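Shown next, in structure tokens, is the structure this report addresses.
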Amino acid sequence: MARSQNSFLKKQLEQKRLKKKKDKEERKQERKENSAGGSLDDMIMYVDENGNFSSTPPEKKKEE
């Protein structure tokens, strides 16, 4: 009798573990789909020679 109880508990623990793993994957997928920002180009800021921030790259000057 103890043997069947042990296997039943093992099955329950396995089911809980699989459910938890599945829920975690679903949450991860949901976060990935609802991500607001994330591209590198959106996060880059440039600094001009005066120390001001801008979202456009500075023009390259030809030095003589």
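If each of Ile44 and Glu14 carries a label point 7 Å out from its Cα toward its Cβ, how far apart are those two points in nm?
5.1 nm
Which of the peptides 50-58, 8-16 is most tightly packed, and how do the rest follow, going by the mean number of other Cβ atoms within 10 Å of each residue?
8-16, 50-58
Helix 2-33 against the longest principal axis of the chain: what's the angle in degrees, Cα atoms only, rounded to the nearest 10?
For helix 2-33, the angle is close to 20 degrees.
For mean projected area of the Cα convex hull in nm², the choices are (i) 8.6; (ii) 4.5; (iii) 5.3; which was calculated from the structure?
Identified label for the calculated read-out: (i).
Return one whole number: the accessible area per residue of the chain in Å², for a 1.4 Å probe.
112 Å²
The values are calculated or read from the model by the stated rules, or taken from the named source; none is laboratory data. Because the structure is predicted, anything quoted here is derived from the model rather than measured. Heads up, the Cβs are rebuilt from the backbone with ideal geometry, glycines too, and the neighbour counts pull from every protein chain shown. These accessible areas exclude ligands, DNA and RNA; they are computed on the full protein's heavy atoms, side chains included. Shrake-Rupley method; radii C 1.70, N 1.55, O 1.52, S 1.80 Å.
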